[in-house]
1. What stretch of chain B, leaving out the sites themselves, is the longest with no chymotrypsin sites (Phe, Trp or Tyr not before Pro) in a DSSP loop having at most 12 other Cβ atoms within 10 Å?
2. Positive end of the charge dipole of chain A (Lys, Arg +1 and Asp, Glu -1 on Cβ, about the Cα centre): tell me which of A:THR214, A:LEU126, A:THR160 has its Cα farthest that way.
3. Across the residues of B:151-159, average count of Cβ atoms on other protein chains within 10 Å?
4. For chain A, what number results from the quotient of the Cα radius of gyration and 2.2 N^0.38 Å?
5. How much length, in nm to one decimal, is gained on full extension between B:ASP153 and B:ARG105, taken as 0.36 nm per residue of separation minus their Cα-Cα distance?
6. Roughly how many debye, to the nearest 20, is the charge dipole of the protein assembly as shown about its Cα centre, given +1 on each Lys and Arg Cβ, -1 on each Asp and Glu Cβ, and no other charges?
7. Out of residues 5 or more away from A:SER10 or on other chains, whose amide H comes under 5 Å of its own, with H placed 1.01 Å from N in the peptide plane?
8. How many percent of Cα pairs in the stretch B:21-87 exceed 20 Å?
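Please treat every number below as a calculation from the coordinates, not as lab data. Every value quoted in this text rests on a predicted model; they were computed, and no experiment measured them. Positions of Cβ are generated from backbone atoms using ideal geometry, with glycine treated the same way; all protein chains shown enter the neighbour counts.
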Amino acid sequence: MNLVEVKQVSKAYGKNTILDTVDLNIQKGSFIALVGMSGGGKSTLMRMIAGLEEATSGVIVFNGHKVRGLNKEARIMFQDDRLLPWMTVMENLTFANKSPEKLAKAKELLELTDLTEHYDKYPTALSGGQRQRVALARALMSEPKLLLLDEPLGALDALTRQKMQDLILDICQKQAITTVLVTHDIAEAVRMADKIYVIKDQGISGRFDNPNYTGSADEQRLQRDHTEQKVLDVIYGI
Amino acid sequence: MKKAKTNFWTKVYPWILPVAIIVFWQIAVQTKLINSQYVPAPSAIVAQAIKSWQAGTLQKNISISLYRATLGFIWGGGLGFFFGLFSGISALFRATFDSTIQMLRNIPHMALIPLIILVLGIDESAKIFLVAVGTFFPIYINTYHGISSVSEDLLEMGRSYDLTNWQLFTKIIFPGALPTILMGVRYSLGTMWVSLIVAETVSADSGIGYMSTNAQQFMNVKIIYLCIIIYALLGKLSDFMAKQLEIISLDWQKA
């Protein structure tokens, strides 16, 4: 069953068309990745699903309802963490609602993201990885049906990035959250997503099912490399 | 050991130069290196302060000056904040008022003194008005600038988390603008004292400025110096209070 249906959606800024009659279905509980060159419209498509931007034409249906204005059942995690620097970690999680239930939920998420000991720190006292974990916990506060990840790991070092990928995968799988990841990093997309869509030439130019790779670690790495190469071939038009 | 050394440098060191100047000043007057007719010794100024305090004139004049400064600051700062806030958040309000305020800002407010005396006379309202004019513009400019430069990314984040307009203001816009607003408060406290000094020197029968002008007529140099020192101390005190307010409300910046 589809959670999101993008139907014939186009987006233009003045005469500059970014996306042209795009169709995309996102199944409930799936983890998809949108990859492609910069300026290709990946983030624009995600922002339209979140209701932060309106489509020039076409419709986006979310859970059976047409998206008009902010999509309240989706939460977006941005490339920059966008934490409020004047609030502590705990306050950043509960700034929209400080009810006892939300405080309990925040504590639970801090534990899940291994941030319990940092609850009273300001964001400036945290590392890049810790800040993105706070941003992830904040995005999960409202128990969203759809989690939108707009290149959230782009600024992290390789090791922290891998840890964050594992954390996100673990949470999304356990809580069955439908997730859309926008990334430049093909390896990241192959590692995390069930399906990979290449956004190119104002539309979707390729779709790859990403199976659960089997065999030894080396064999799995080879299979992943092969998928990465196929995705890159579509991006570069080879 | 290192911490104690740091404490000395941050707490004591800044006072070494002013204390040395006072000591040199005292010695120079006592040894007649400086003419005490124009520059009285610090000890003579302290003695004059005690004398004026005992006579009741010092505290009376300080009180009336503080009253004028505070009331003028509340009016001017309050209105500056109000106009700055709405210019920052409303395009219509900004289009209506900002050009006019920017034009008025370029008039030196001391140039308004003859007009103020003509319209408001020389009573309290004239002095308070002049202080209000002096404090209005720094707070207006900084509030407007602070509000309009709050990060668009943070605002978008707030909207995407379904915050109401009031929540956007209290959780994001106001805290984001606060460092700039407080900078305006500190600057306007400086213009507050300048405006007050001029107002009390031009037309007054009480206040520190009046005390100084009156002393000039009686050639009492000690009182003139005393008034200058009181202005300096009140200026330093208000700046200290503004700085404490910054420390309390912007503690996140130190993290």
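1. The reported range is B:39-217.
2. The one lying farthest along the dipole's positive direction is A:LEU126.
3. 4
4. 1.03
5. Residue separation times 0.36 nm, minus the Cα-Cα distance, leaves 14.1 nm.
6. 1480
7. A:THR21, A:VAL22, A:THR56, A:SER57, A:GLY58
8. Counting every Cα pair in the stretch B:21-87, those more than 20 Å apart make up 58 percent.
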